[in-house]
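Notes follow the structure.
The values are calculated or read from the model by the stated rules, or taken from the named source; none is laboratory data. Quantities reported herein were computed from a predicted structural model and do not represent experimental measurements. Using ideal geometry, Cβ is built from the backbone for each residue, glycine included, and neighbour counts are taken over all protein chains shown. Each accessible area value is taken on the protein alone, full model and side chains, heavy atoms only, with ligands, DNA and RNA left out. Shrake-Rupley method; radii C 1.70, N 1.55, O 1.52, S 1.80 Å.
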Amino acid sequence: MLNYILRRLGAGLLLLAVVTAVTFWIFYVLPKWAGVTPRGMAAMYVGKAPTPEALDATVERLGLDQPVIVQFFDFIRSLVFGDQFQFGRETVECAAPCLGYSFSTNSPVLEQLLARLPITASLAFGAAVIWLIGGVAVGVLSAVKKGSLFDRLAMSTALVGVSLPIYFTGLLALAFVVHGWKILPVPRYEPLTENPGAWFTALLLPWITLAFLHAAQYARQTRAGMLEVLGEDYIRTARAKGLSERKVIFKHALRPALTPILTIFGLDLGLVLGGAILTERVFSLKGVGAYAIEAIIGKDLPVVLGVTLLGAVFIVVCNLIVDLLYPLVDPRVRIAA
Amino acid sequence: MASTEPVVRVDDLRVAFPTMDGDVQAVNGLSFEVPAGGALGIVGESGSGKSVTSLALMGLHRGSRAKITGAIEVAGQNVVTATDKQLRAMRGNDIAMVFQDPMQSLHPQYTIGNQLVEAYRVHHPKASKSVALKRAVEALDRVGIPQPEKRINSYPHEFSGGMRQRVVIAMGLMCDPKVLLADEPTTALDVTVQARILDLLDELRRDLGMALILVSHDLAVVAGSVDEVVVMRHGVAVERGDVRTVLSEPEHPYTRALLAAVPRVEVSRAQRRAQDRADRVEKEQRAGTVTDPARFEAFTPVPTDGEPLLQVEDVAQRFKVRGGAMGRSTDFWAVNGVSFDLYKGETLGIVGESGSGKSTLSRMVMRLLEPTRGRVVFEGRDITHMSERALRPLRRDVQMVFQNPYSSLNPRVTVGDAIGTALRVQGERDTKKIKREVQELLDRVGLQPGHYNRFPHAFSGGQRQRIAIARALILKPKLIICDEPVSALDVSTQDQVLRLLSELQDDFGLTYIFVAHDLAVVRQVSDRVAVMRKGEVVELGDSDSIYENPQSEYTRQLLAAAPLLDPDEARSQRAEREALRAQAV
Amino acid sequence: MRKRTLGFVALGAAASIFLSACGGGDTGETGGDTAAAGYDAGSTQIVNPSDQAGGTLRYAIQSDFDSTDPGDTYYGFSWNFSRYYARTLLAFTPAPAEASTELTTDLAAGMPEPNEDFTEWTIKIQEGLKYEDGSEITAQDIKYAIARSNYNGGELPNGPRYFESSLDQEPFNVYEVDDPMATFTAVETPDDYTLVFHLKESFSEFPYILTQPQTAPVPEEADRGALYRENVLSSGPYKFDGAYEPGVKLDLVRNEHWDAATDPTRPALPDEVTVEIGVEQNEIDQRLVNGEIDVDLSGVGVGPAMKSQMIQDLETYENNLDNPLSGALRFVNIHTPVLDTACRQAIAYAADRDSLHRAWGGDTGGDLATNLLPPTIPGSDPESNLYPSEDNKGDLEAAQAKLEECGEPDGFETNIAVREGREPDIATAESLQESLKRVGIELEIKTFPAEDFFAQYAGSQDYVRENNIGLSVSGWIPDWASGYGFGYKITSGDAIQETGNYNTSELDDPEVNALWDQALTTEDPDERADIYGQIDTLVMEQAAILPVVFDRAMFYRPDNLTNVYYTSSYAMYDFMALGVDQG
């Protein structure tokens, strides 16, 4: 078992290395191919109308004229061993795992990520609870009452939900619930530990908006899974025992129907934890996703790398957890230790 | 033992399913009774309505679109008019059901203990968990699960198929039902396992005084286990009566035809062949065409002189099985050291239970697998390690017919194309010629040449198997390997396909390797038989001597397990089996 | 050129339906007039004048500061905002509209004194000025601030380099040399309250540079390089309340050591100032309308969605809207290395200016431009028009004559460069494409990434020549509202650069160059304005620049905001004046 976890973690690390390399490649090698010179890269980090001297100074300061491979290993080295940064006459330590400094905000990437993580985590877990419970409940009801008005309504809503972009539903929700009907106050995020009320009201709409999109997908999947399971022989066996319909559905049918959803859920949660970019943007939540979008627009490579790595870490970890949980949910699956 | 008051009474039962083209009557006026402690067999081929009837007995059509009229009474409860609650109180408590496929009928994600306890507590909500558990252990012990206290915490996948079926039966026993309804309980099982399950059901019925309703497509399965039998066809009971009477003096032509179609293990290859040829001559004379009976002689097995068509020498196949510590793989020998020769015009039967390696062996002969060890020589050429390219011309000489006629045909390709493709692959360009040949062949295997442009879904299982045979024949192969070609078919269809294979062998001088689990079928088509077990041939010889004078213990076990049509013989054979088992313990 | 407006204004300005009567700017009244709220009142007058102190003034913005460090910033809003905590040597007059372009003192005790040829400037600062920690502000701190913001080896990359380019100073790195103050010889501090600047060349407009935040004092020992932005040592009426959190927030509270008596330009009404960063633009506009925030810090006006909503429902919003000239010019460069003078003039004649105006959103988008200098700049003559035509539809006959003169009677083919994703720029190019086709000039529109537009494409001499880029769509806003501040970099031959070239048409006209030199040695602002007017005309004659519009922004002015007026110097509301009405 331990062996298995170690092996999976090793594979995870390898994946992270590949993700890092690819991100690096996209942001460093691709522009180079497109003919961007080190000075051109430096121009992203300095003000408008810079003098060539200022550009050269920036190139040197950031090491942009180094071969990509050197820059890449510099990054890996500081990740593993930590690094030092020079500010004015001040030297700042960046302990391992050092994700580097953001050039445009001049703050340590890791510190920024950790500061923003609680917001993204609050958003992700809250939304996940809603979409899981809501999606599964609707899916089960739809499957049990297949072909009913509820089923048809729920499934067409789900279809709409899957196809509506968040910036549409989110802006609509804000316009009506907050600015129009003033049901909720203007969302201003506060940490759960400091002001649970504000935390809740600020996140309620983002939760629902983000959850709506996913819930729609989960409802459809749950419904399909339930319908398949309800056709299984063991459901007939359960009925033949004289079990009530409630027990047949909730004990016998739901568990196998949910088993494949566990996998999707792990992946989705990992993705959202890595930053729900659109939701954070629309609701002005300063989470990891908002940080990512700023960084991408500003071509702030260390931040982009940091966010990408963090996202990959979450996906790797969530997948590992799902894989470890899977045998508990489905005893037929054995971990090949 | 039978009391006068019936515990199950079915009167003029009609079950209809609404479709776009109007109602389809699945059961049309069925009536029978089962006395307490009695045993009824319901026999019919697919589509006869037997399974619909068994579901109706449990009230399991509730919630579906089926329309049910008539009366069903189980333990005094009218199933048709009962409320859902009354129905639930009846299910599992008064009547328990055992289903066809034990692999599918237990919930994979709960321990068997959980499922057994649940079955008890649903009808005894006040019972404590420990009481229910104790009962579950007893029930498992009763059906012969070894170490029930330990095994109760296992999951279904940790049991073999036969053991699972025992668990399902144990689950049925949890509430001491008055009736046990077994719907094809042994169809998915090997013969020896089938015999044990049937023995168990019989024993339980006698010991616990339960009534038994045994539903099967196989007359031989019910013969030794029931008192009364209902033969169903197209939703109607064509014959009903005492099992001995029905089997020995069937009144209805359908019953007679059915009985005639059941392959009997006591009938030899020669008898069967003579019968088939006589029937053919008679049929053709009726039809006005004449086949000279002497023609057949030309193709009767040539004595064992001359070069064999196929030589298999000590072949073995190893598979790597993943798992074990550190993810290391272990070796599994699916076939280990099998040798035989096969001569032109001969049929070699390979018989064995699941996992015996018979399919692996046939795939090695086809060179779909490369043997790990040993030699395969076809027409004097060593093909053991021949490259795929070098094998290509040989592919037309060896063809295969598979078990499942539904999945072996591409649903999007017309049968004409499905059969003709092989010709095209071999380089034939003249489409008219291809069509002509395919149509001749369709005619030969008993289909209409006009079926050329139809798609597979338009054909029944038996017809599809004929198409598969035609596809194998189109290249005029020297050897055809039939892997369980009739095991998915109803008995009457099975009989027709076997006849076809026999006729084709007469006409084209074909050589067969016939792989099957059914002892009777293998005997009737094989000149020689190899009995396989765990990758090895335990006995090889001419079929009559193997069946009449088996040398190996395993062959004897197999033969003892083969279901017999005569109820009395079946019972004496059962007693023999029990004696054998008692000795073993 | 501050980063602010470059093509950012009115992204979705399909606003030609807006009533032309609402065009604004025709009240004619400027100066200290005050008025109640009304349409466009804030553009020319002080709306809701008040001296009521207290309350919290709430800002919000979508994107972040480039830096909160006064020595490392080039965003217009950041210059405007940094005055809360960073006093500069000079300041702009706190008054509505053009009156704000006049200079006044801030830290300085009086206006700077030049020598005869404007190569040496001396300025004195007030005595007894204090930082937030109570320590005294000295001339040395200002010298150090200028040093660190101009000679830092890329440590502080964002700010402009006016001092570096004008001071007579060998380059050095303030963070590497042993004694930066001794190395930095171009600025002398004979005593704690006097600064003497030595310039390379005559520079009559040097005082404008002294309004820039780089002159806000930074004590050498307080400098933490790029980290200084986290907590700037305040010299103004407010100080940081906790560290600035990039992308999240910046809060300011009163600085008790600031003395109002020394500071005539800052009423400092609110008790607290908060900035919420990273709020989505639509959300900002919604909150602004609902009174949940007070000011959009970005100072570019409402977003496209809200703008079109407001235009559709004008009656509701009318009294809260201001539609001032932003001080920016939208124009098309006509590249001299690619096209001869007569060919350029042909383009200027053939262009359908009316259609170009509509491409920019008509009257709410801006005013149709026929000259170079925006009306807010002294010396500008918006009435002048060297290429007149009926209804501004273009003079095709004159264009044809010019085409013959340049030897292309049947017209020619060239490319026009535009920035990707900028709808009005693209609409401008399309309009021009249509109108030039009338005289046989075929334009092909080429779009390029906005961020690399000047660095690699339209601003690269090689690229323009190799790819026959005859025209490029551009925009310009001055660093300060004078002819020099506006026009030097886009029209002077000395400003041409190999890459990152903003004199994109590469106009290198001896007459124009000479006039720029002359202006830099002319003391009287009126005389200078006259010179700028001549330059304007010359550039138009050369047809190096085809002006399109002087654009206008649409601001929403909440009712509870007091002392609101638009200042031309920052091209947004004067943040220093703002207060909140507390009921």
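Taking the range A:18-30 as the search range and keeping residues that are over 19 Å from residue A:62 (Cβ atoms) and touching a residue at least 40 places away in the same chain (Cβ under 8 Å), which one is surrounded by the most Cβ atoms within 10 Å (Cβ to Cβ)? Only one residue fits best here, namely A:19. Selection within the range C:240-258: residues that are outside any loop (DSSP other than H, G, I, E, B) and of a type outside the set (D, E, K, R). The member of this set that is nearest to the other protein chains (Cβ to nearest Cβ) is C:250.
Filtered by the rule that a residue be open to solvent by 10 Å² or more (accessible area, probe 1.4 Å), within 12 Å of residue C:577 (Cβ to Cβ) and part of a loop (DSSP other than H, G, I, E, B), the range C:74-102 gives C:83, C:93, C:94, C:95. Restricting the search to strands (runs of 3 or more DSSP E) fully inside the range B:155-268 and requiring at least 1 residues that are at negative phi, open to solvent by 10 Å² or more (accessible area, probe 1.4 Å) and small (Gly, Ala, Ser) gives B:236-242.
Residue under question is residue B:518, and the condition is that it be open to solvent by less than 80 Å² (accessible area, probe 1.4 Å) and farther than 27 Å from residue B:185 by Cα; does it hold? Answer is no for this residue. Residues of the range C:263-309 that are touching a Leu at 6+ places or on another chain (Cβ under 6 Å) and open to solvent by less than 10 Å² (accessible area, probe 1.4 Å): C:270, C:273, C:275, C:294. Residues in the range C:233-249 that are modelled with pLDDT of 95 or more and either surrounded by 24 or more Cβ atoms within 10 Å (Cβ to Cβ) or not charged (D, E, K, R) (or both): C:233, C:234, C:235, C:236, C:237, C:238, C:240. Here's a check for you: in the range B:294-331, which residue that is part of a strand (DSSP E or B) and surrounded by fewer than 12 Cβ atoms within 10 Å (Cβ to Cβ) is modelled with the lowest pLDDT? Once the filter is applied, the top-ranked residue is B:321. Can you tell me which condition residue C:201 does not meet? The list is (1) away from chain A (no Cβ under 14 Å); (2) open to solvent by less than 10 Å² (accessible area, probe 1.4 Å); (3) within 26 Å of the chain's Cα centre (by Cα), and all the others hold. Among (1) away from chain A (no Cβ under 14 Å); (2) open to solvent by less than 10 Å² (accessible area, probe 1.4 Å); (3) within 26 Å of the chain's Cα centre (by Cα), residue C:201 violates only (2).
In the range B:427-451, the qualifying residues are those that are acidic (Asp, Glu) and not in a helix (DSSP H, G or I), and the one that is nearest to the chain's Cα centre (by Cα) is B:428.
Restricting attention to the range B:558-585, which residues are under 14 Å from residue B:520 (Cα atoms) and either open to solvent by 70 Å² or more (accessible area, probe 1.4 Å) or part of a loop (DSSP other than H, G, I, E, B) (or both)? Answer for the range B:558-585, where residues must be under 14 Å from residue B:520 (Cα atoms) and either open to solvent by 70 Å² or more (accessible area, probe 1.4 Å) or part of a loop (DSSP other than H, G, I, E, B) (or both): B:562, B:563, B:564, B:565. The residues of the range C:47-73 that are open to solvent by less than 10 Å² (accessible area, probe 1.4 Å) and either outside any loop (DSSP other than H, G, I, E, B) or away from chain A (no Cβ under 12 Å) (or both), listed by number, are C:47, C:54, C:57, C:59, C:60, C:61, C:70, C:71, C:72. Within this structure, residue C:252 passes the test of being open to solvent by less than 10 Å² (accessible area, probe 1.4 Å) and of a type outside the set (Asp, Glu).
One residue alone among B:23, B:12 is on the phi > 0 side of the Ramachandran plot, open to solvent by 10 Å² or more (accessible area, probe 1.4 Å) and touching a residue at least 24 places away in the same chain (Cβ under 8 Å), and that residue is B:12. Filtering C:479, C:508, C:551 for residues that are farther than 30 Å from residue C:394 by Cβ and either outside any strand (DSSP E or B) or open to solvent by less than 40 Å² (accessible area, probe 1.4 Å) (or both) leaves a single hit, C:479. Among the listed residues C:414, C:428, which satisfies the condition of being touching a Leu at 6+ places or on another chain (Cβ under 7 Å) and assigned to a strand (DSSP E or B)? Going through C:414, C:428 in turn, just one is touching a Leu at 6+ places or on another chain (Cβ under 7 Å) and assigned to a strand (DSSP E or B): C:414.
Yes/no matrix, rows are residues, columns are (1) farther than 23 Å from residue B:186 by Cα; (2) part of a strand (DSSP E or B); (3) within 14 Å of another protein chain (Cβ to nearest Cβ):
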site: B:47; (1), (2), (3): no, no, no
site: B:56; (1), (2), (3): no, no, yes
site: B:60; (1), (2), (3): no, no, yes
site: B:70; (1), (2), (3): yes, yes, no
site: B:73; (1), (2), (3): yes, yes, no
site: B:82; (1), (2), (3): yes, no, yes
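Residue C:497 satisfies every condition listed in (1) in a loop (DSSP other than H, G, I, E, B); (2) within 30 Å of residue C:60 (Cα to Cα) except (2). Considering the range A:293-319, and only residues there that are part of a helix (DSSP H, G or I), closer than 16 Å to residue C:277 by Cα and open to solvent by 10 Å² or more (accessible area, probe 1.4 Å), the residue that is nearest to the other protein chains (Cβ to nearest Cβ) turns out to be A:294. Residues considered: A:105, A:51, A:23. Of these, the only one that is of a type in the set (Val, Ile, Thr) and modelled with pLDDT of 80 or more is A:23. Screening B:364, B:386, B:400 for residues that are farther than 30 Å from residue B:454 by Cα and within 28 Å of the chain's Cα centre (by Cα) leaves exactly one candidate, B:364.
Every listed requirement among (1) within 14 Å of another protein chain (Cβ to nearest Cβ); (2) modelled with pLDDT of 90 or more; (3) over 26 Å from residue C:529 (Cβ atoms) is met by residue C:134 save one, (1).
Only one of the listed residues (C:472, C:492) is farther than 21 Å from residue C:432 by Cα, in contact with a helix residue (DSSP H, G or I) (Cβ under 9 Å, 6 or more places away or on another chain), open to solvent by less than 10 Å² (accessible area, probe 1.4 Å) and at pLDDT 90 or above. That residue is C:492. Those helices (runs of 4 or more DSSP H) of the range A:216-288 in which at least 1 residues are open to solvent by 10 Å² or more (accessible area, probe 1.4 Å) and under 25 Å from residue A:161 (Cα atoms), considering only elements entirely within it, cover A:254-273, A:277-282.
Is it true that some residue in the range B:123-132 is under 31 Å from the mean Cα position of the chain (by Cα) and within 14 Å of chain A (Cβ to nearest Cβ)? Within the range B:123-132, none of the residues are under 31 Å from the mean Cα position of the chain (by Cα) and within 14 Å of chain A (Cβ to nearest Cβ). Of the numbered conditions (1) open to solvent by less than 20 Å² (accessible area, probe 1.4 Å); (2) assigned to a helix (DSSP H, G or I); (3) within 14 Å of another protein chain (Cβ to nearest Cβ); (4) under 23 Å from residue C:448 (Cα atoms), residue C:463 fails exactly one; give the number of that condition. The failed condition is (1). Answer with yes or no whether residue C:188 is of a type in the set (D, E, K, R), open to solvent by 10 Å² or more (accessible area, probe 1.4 Å) and farther than 16 Å from residue C:112 by Cα. In short, no.
Among the helices (runs of 4 or more DSSP H) confined to the range A:40-159, the ones with at least 2 residues that are within 14 Å of chain C (Cβ to nearest Cβ) are located at A:52-62, A:109-144.
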